[in-house]
Every structure is written in C-alpha cells, then in structure tokens.
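Engineer: Structure incoming, see below.
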Ligand SMILES: Cc1ncc(COP(=O)(O)O)c(C=O)c1O
C-alpha cells in the first residue's frame, strides 16, 4: 500500500516558500500564543507520556465529551486522544476498511478518506454536492448508494470546503441509512461550534453504535500546531483497534499537546475562546459577503458554518493558473485553488487567521488580480 499525494497537499508543498504578504482563505481562527497558557502550566509537569491512560488524559477526554454535548451519553472510555482529527480519521479508516470494501464519500469534501481508500484498494462511491443546490448533501443519493458491501460513510459536518451544515434530522437520517446495511458512519466535525446559520448538529457518536465522531482543537480554537484531536466512538473494539494502530506509528500522544488542550478545553476557557472565535468569524464573514457582492466576476454560496467556502470564477479562468498568478508579484496573495477539491472553476475563500493574514489587503489584491486577468 502506497499513499499517493493529493492535489491539495501538492499545492501546499509547492507554495510553502512563497512568503505571501496576505492570505485569503485561511481555514482556522487566529492562533493563541504559548504565553496565554503559562499561568495554568505546571513547571513540574513531567515530559514523559501521561502515565495514566493510553487513550489520553482522562480530564481531557471528559472535556472532549462536554464540548460535543456527549457528557452522560458517551463515557470517557469512548474517547481516544489523537494527533489531530487527521490521525483520528486515519486510524479509523485504516482499521475498518479492507481491499474491495466500499466507502461512500462526498465531493467536494476533505480529501483524506479518498486518498486512504485508494491506497487500501477500497471501492469509492462519490456523492456530489451541487453548487446550484447550495452545496447541500443529497442524502437520497447516499440512501441509493449503500449496499451490503458498504463499510463506511465518511462525511464532514460542517463541510470542508463548502461550509454546508447538516441538521439534526439529516444526521438521524444518515444514521438510519448506515444502520440498514451495518456501515460505519464517520462524521468529521473539526469545524463544529462555528455555525452561522442553524444550530450545531448532534455528534453521531451519541446516536449510533457504529458512529464515529472526529474533531480537534485545530480550527475554532486555532491550536492546529498542538496536533491534538480525538475520536469518539461507543464501540470499544474500534477504540482498541485505533490504539493498536497508533502504537505502531506514533505510539502515544505528545504530552504538551494533551496538557495544553486540556487547559484550552476547560469550560470557562473554552466558552471565552469560542465566543471570540464566533464573534470574529461572523464579523469577517459579513465583510466577506459584502466584498463578494461587490465583485462582478465572483459568486459564492456563503458558508453556513466554518471558516471557508468556495467562490466561482468566471468561465475560462482555471483556478490553478489564477492562484499561482495571485501568489506572484505584484499581488503576493495566497489562496487555495478549487482544483484542490476537484472544483477547477472555484477558489477557496476564508475568514480565519486573525490580523496576521492581512485579509483586507488580500481582498483588495484579489479584486485587482481579477480585474487585471486577461
Ligand atoms: C475536515 C477536516 N478534517 C481534518 C482536518 C485535519 O485537522 P487536524 O489539525 O485536526 O488534524 C482538517 C484540516 O484542515 C479538516 O478540514
């Protein structure tokens, strides 16, 4: 099994040294500094592993359940702390999917499941979210696609990259569809808590015995570099299988990731950080919507949740060419081309990143690049 590179990562690799002066489309909240946590850190904290539980610090696992609204529904034994949601997705997919199994994924969507399923030799069924339908997930098509060989349905809610949001009823409907054929339903909710239009959907781990919820402190809290996330699943064997695979890759969590994430998810800290993330995200989104309205060449379906969405370029502009043009002089502005999501006629816009990304400047340069194009 060889894991092949995806277009999204290829673009990030190729542009890492570009030193842009502005970023449009930043996908996480502005990141806190280490100093923000110093007063709660213990200088005597051992830098050995946590020495208490292979699933992760017990207090941290309790906070994870609380933020997901699962306290009293799932137990901390159902939570595994991982190196980001990315590792949680990886462990679940690699342990559950065998060659020839079928997996249902959404497009556009987060590419990880597609890349891993191909490496495993699983059969992939793609369910297409249509822009003309507001990027809504066509659940009826998932119902038609499942069969006895369907091992997993992999979705993001809120969706990366469109910002669409499933409702509680839709999550229940998906549970019924998965249950009908005994499939695992993995819903990655890294953007949960940043809903602008509708309530946060319930986490599937609390609804279904084969439900897997993955998430992390990376997005709303901006703590991506901690590499701390989780898998929640009421099936003890799934959690144990994930622990076993992890033992053979990174073995255990890094202790500073666990310790700082535990502080960040303490209820008072978490509430304040989420208030800030929501306030800033909403403000930037209002600005972004007004900006897109003023661009004769762009249209978009505003994200209903999360920090990113896709904007449509005029026909004939290839997103890859345009993104590279925008990154060069005189614009020096980074954005992710829609080709990273199989949407070559779109660009990814986003409202995260705080002051560091120079969003206003980036939008002005983007307007100019569009006006100058061709
Ligand atoms: C939907 C989705 N899942 C997982 C990840 C990986 O996040 P983490 O930093 O938690 O590993 C991302 C990051 O962009 C994402 O958008």
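Bear in mind these aren't lab numbers, they're just calculated from the coordinates by the rules spelled out. Values in this document were obtained by computation on a predicted structure and should not be read as measured data. Every residue, glycine as well, gets a Cβ built from its backbone with ideal geometry; the counts of neighbours run over all protein chains shown.
Engineer: Quick check: from the Cα gyration tensor, does segment 162-285 come out rounded (a/c under 1.5), prolate or oblate? Don't skip to the end; give the middle numbers.
Structural biologist: On the way: a/c = 2.41, a/b = 1.09, b/c = 2.21.
Here segment 162-285 falls in the oblate category.
Engineer: Using the reciprocal of the averaged 1/r over all distinct C-alpha pairs, how large is the Kirkwood radius of segment 43-266 in Å?
Structural biologist: Numbers: mean 1/r = 0.0571 Å⁻¹.
Kirkwood radius, segment 43-266: 17.5 Å.
Engineer: Could you tell me the relative contact order of the chain? Use alpha-carbon pairs under 8 Å, at least six residues apart, and round to a whole percent. Write out the running numbers ahead of the final one.
Structural biologist: Working: 739 pairs, mean separation 95.8, N = 374.
That works out to 26 percent.
Engineer: If you average the alpha carbon positions of segment 113-155 and of segment 257-308, how far apart do those two centres end up, in angstrom?
Structural biologist: When both Cα centres are located, 27 Å separates them.
Engineer: Can you classify segment 298-358 as rounded, prolate or oblate using the Cα gyration tensor, where a ≥ b ≥ c are the square roots of its eigenvalues, rounded means a/c under 1.5, and otherwise it's prolate if a/b beats b/c and oblate if not? Please report the intermediate quantities before stating the final value.
Structural biologist: On the way: a/c = 2.06, a/b = 1.06, b/c = 1.94.
Cα axes put segment 298-358 in the oblate bin.
Engineer: With contacts defined as alpha carbon pairs under 8 Å and 6 or more residues apart, what's the relative contact order of segment 231-374 in percent? Walk me through the intermediate numbers first.
Structural biologist: Details: 124 pairs, mean separation 24.9, N = 144.
17 percent.
Engineer: Output the relative contact order of segment 43-266, whole-number percent, from Cα pairs under 8 angstrom with separation of 6+ residues.
Structural biologist: Working: 427 pairs, mean separation 58.2, N = 224.
Reported as a whole number, the value is 26 percent.
Engineer: Distance between the C-alpha centers of segment 1-73 and segment 333-352? Whole Å please.
Structural biologist: Spelled out, the Cα-based centre of one part sits 23 Å from the other.
Engineer: Among 238, 253, rank each residue by its count of other Cβ atoms within 10 Å, from fewest to most, as a rough exposure measure.
Structural biologist: Working: 238 22, 253 26.
Final ranking by Cβ density, sparse to dense: 238, 253.
Engineer: If Rh is defined by the Kirkwood formula over all Cα pairs and Rg also comes from Cα, what ratio Rg/Rh do you get for segment 234-374? Could you put the intermediate results ahead of the total?
Structural biologist: Details: Rg = 19.9 Å, Rh = 18.0 Å.
The Rg/Rh ratio comes out at 1.11.
Engineer: Calculate I(q)/I(0) for segment 1-137 by the Debye formula, one identical point scatterer on each C-alpha and no solvent, and give its log10 at q = 0.10, 0.11 Å⁻¹ to two decimals.
Structural biologist: -0.57, -0.69
Engineer: Give me the mean projected area, in nm² to one decimal, of the convex hull enclosing the Cα positions of the chain. Display every interim value, and only then the final one.
Structural biologist: On the way: hull surface 72.6 nm².
The directionally averaged projection comes out at 18.1 nm².
Engineer: Just for the Cα atoms in segment 1-73, what are the lengths along the principal axes, largest first, rounded to whole Å?
Structural biologist: That works out to 41, 38, 30 Å along the principal axes.
Engineer: On to the next question. Need one number: % antiparallel among DSSP beta bridges in the chain, to the nearest 5.
Structural biologist: Numbers: 18 of 40 bridges.
Around 45 percent of the beta bridges assigned by DSSP in the chain are antiparallel ones.
Engineer: Fewest to most neighbouring Cβ within 10 Å: what's the order for 59, 102?
Structural biologist: Details: 59 16, 102 21.
In order of increasing Cβ crowding within 10 Å: 59, 102.
Engineer: In addition: Go ahead and estimate [θ] at 222 nm for the chain from helices alone: -39,500 (n - 2.57) per DSSP H run with n ≥ 4, summed, over the residue count, rounded to 500.
Structural biologist: Details: 11 runs with 134 residues, N = 374.
Theoretical 222 nm ellipticity from helices: -11000 deg cm²/dmol.
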